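My questions will all concern the structure given below.
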Amino acid sequence: MIVFLEPPAQYDHPYAGRVVEQRLSRLQIMVTCHGPAESCSWVGNGVCYIALPQGENDLRLLAYIRQHEIGHCNGWPSHHPNARRIEYDPDAKRAGPANGRLKLELE
Ligand SMILES: [Zn+2]
């Protein structure tokens, strides 16, 4: 089970500008995000940049990460005040049609 932090409603809306998404390797994310992280985001020249893990193919998971990071682009502070917790169970997928392997490493 993974617990995600969703942005509070005031930050949980589409970004009013261009969103540029980059899929980076673990090492690139460490460099780009200045430390161990699954993902990060920043705003530059009005553009919301999001770095997502390259090896992650779980679309639901990526959607949650994207929503979280867009919340930051919308001004949600990095210490996650008023976050809404949601629980995500990647194993729930196994009950569905054979969807290939799914392994998450959150170290
Ligand atoms: Zn965050």
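What follows draws every value from the coordinates through simple rules; no lab data is involved. Since the model is a prediction, treat every value here as computed from it, not as a measurement. Methodologically, a virtual Cβ is constructed for each residue, glycine included, from the backbone with ideal geometry; neighbour enumeration extends over all protein chains shown.
What tally of residues in the stretch 1-57 results from selecting those that are of a type in the set (Lys, Arg) and either surrounded by 14 or more Cβ atoms within 10 Å (Cβ to Cβ) or within 13 Å of the ligand (Cβ to nearest atom) (or both)?
Selection size over the stretch 1-57: 2.
Turning to a different aspect of this structure: Since Trp76 meets every condition but one in (1) in contact (Cβ under 8 Å) with a residue 40 or more places away in the chain; (2) more than 17 Å from Pro14 (Cβ to Cβ), which condition does it not meet?
Result: Trp76 passes all but (2).
Scan the stretch 66-81 for residues that are more than 9 Å from the ligand (Cβ to nearest atom) and surrounded by 13 or more Cβ atoms within 10 Å (Cβ to Cβ) and jot them down.
Within the stretch 66-81, Arg66, Gln67, Ile70, Cys73, Asn74 meet the criteria.
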